[in-house]
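Notes follow the structure.
Bear in mind that the values in this text are calculations on the coordinates, not laboratory data. Predicted, not measured: the structure shown is a model, and the values here were computed from it. Here the Cβ positions follow ideal geometry from the backbone for every residue, glycine too, while neighbour counts run over all protein chains shown.
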Amino acid sequence: MNNTIKLAVAAALVAAASTANAGISIPAGDWTLDIGGVVNAYYTSTRTSGDPVGLGGAGNVKTTSNITTGLLPNYLSVSGKTRQNDLDVAFTISINPGASTTQSANQAAQQENRQAFLTFGDASWGSIKLGKDLGIYASDAILNDMTLLGVGSGSALLAGNTTTLGRIGTGFMYADWKSQIAYSSPNFNGFNFTAGVTQSWNTYEAAMSSSNTSARGGSSPAFEGKAAYAWTGDVAGKVWVSGITQKVEGMNDRAEAADIGATVTAAGFGLTGYYSNGSGMGTTVQLRDGFDTNGKARDSEDWYVQGTYTIPGVGTKLGASWGESKLDGNSGEFNKLVKNEMWTVGAYHPLTKHLNLVAEYSDVKSTNNTTESSAEGKSKTVSLGAILFF
């Protein structure tokens, strides 16, 4: 199984108190091929009310039911590795079909191709990655989110897509899947770091509008990096920091952000805390509404806290989390341009070492001051389903 999926699976399975073997390994001459992936589906019922703003609300009281993929997409990943000329050489290619249909006689569900990269290196000096993979900044925020196993928010908003939002936009910025050239260091007794050049994106001002979009930049690259220290024992854990900076075409300021996070586990209890501060990075997805009409960067904050407990002898993990994402208006704009907050409770039960049953409840409240009077929308989602790793 490729490194990113291993991280995602490991984080998700830790949340479910379950373990999984690597993917299906196949010796092929000088190569070892690995086929692995994820299959998941959930029944969701979402009740929206209030104004149609942010990640909550529909303009009136409305209940929507869907059967859809959760925060993790369905994954089929093929990777290979070999040792040649004193180098570890590897590749990964994946496809990610959705599990949601929204029209009769139409099976064209959304599909993504999130990964296509190669790596080469050695344990003595590290490794280099070239291609498309999970972004570096804010990657640990999503990999430690307990809704990685489930749905979180966005099940009604994103019906027909490959994934829901989990806690994206209500506690952290989406790391996204990026073209990149990155170097990762060896493990120095628990400490490691990654630094990379990633494809830059442009942004277009359309605050809280469905026309909001971003596109490939190209005038200069983005620069991302992270450092982490992990330890094991009766009290195990990890602390990390990461950051990103890039020039944005046509804007006066740079887009940049930095974060810090930590997770600790002991005696079945787990606690995670995360905080990020940005300028020009926008909210929910990178560069969305990051600048005003004068090209000046807006400030943003993201944070969440999460507590879990694994029931001894059963393996069921119970969890609760709270988080918030805020985007501030500049001088001449309204004070709080947008604020999305969500609390979630969930139960994640390992029915087998590969199959997990999931039940979640998520409550989202979105507010904005883009007009003289505040608008507020709410969204409450119940989800029941299962996720399989292989």
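Tabulated data for the structure shown
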quantity: In Hz, Karplus ³J(HN,Hα) per residue of region 123-138 (6.51, -1.76, 1.60; θ = phi - 60°; x = Gly, Pro); calculated: 4, 6, 10, x, 9, 10, 10, 10, x, 9, 7, 4, x, 8, 5, 6
quantity: Pair Phe188, Ile24: separation of 7 Å Cα→Cβ label points (nm); calculated: 4.2
quantity: Stretchable slack from Asp88 to Asn277, in nm (0.36 nm times residue separation minus alpha-carbon distance); calculated: 64.4 nm
quantity: Distance in nm between pseudo-label sites at Thr101 and Asn330 (7 Å out along the Cβ direction from Cα); calculated: 4.8
quantity: Length released on extending from Lys62 to Lys353, taking residue separation times 0.36 nm less the Cα-Cα span; calculated: 101.0 nm
quantity: Compactness index (Cα Rg / 2.2 N^0.38 Å), region 233-390; calculated: 1.28
quantity: Relative exposure of Arg83, Arg47, Arg288, Arg114, judged by other C-beta atoms within 10 Å (fewest first); calculated: Arg83, Arg47, Arg114, Arg288
quantity: Phi-based couplings in Hz for region 239-247 (Karplus 6.51, -1.76, 1.60; Gly and Pro marked x); calculated: 10, 8, 9, 8, x, 8, 8, 7, 7
quantity: Aspartates and glutamates with Cα under 16 Å of Lys62, excluding same-chain neighbours fewer than 8 positions away; calculated: Asp51, Asp363, Glu376
quantity: Formal net charge of residues neighbouring Ser153 (Cβ-Cβ distance under 15 Å; K, R +1; D, E -1); calculated: 0
quantity: Cβ-Cβ FRET estimate between Leu388 and Asn113, R0 fixed at 22 Å, reported to 0.05; calculated: 0.55
quantity: Theoretical gain in end-to-end length, Trp231 to Phe120 [0.36 nm per residue, Cα-Cα removed]; calculated: 37.3 nm
quantity: Estimated vicinal HN-Hα couplings, Hz - region 356-369 in sequence order (Karplus 6.51, -1.76, 1.60; Gly, Pro = x); calculated: 10, 8, 9, 9, 9, 9, 10, 10, 10, 10, 10, 10, 8, 10
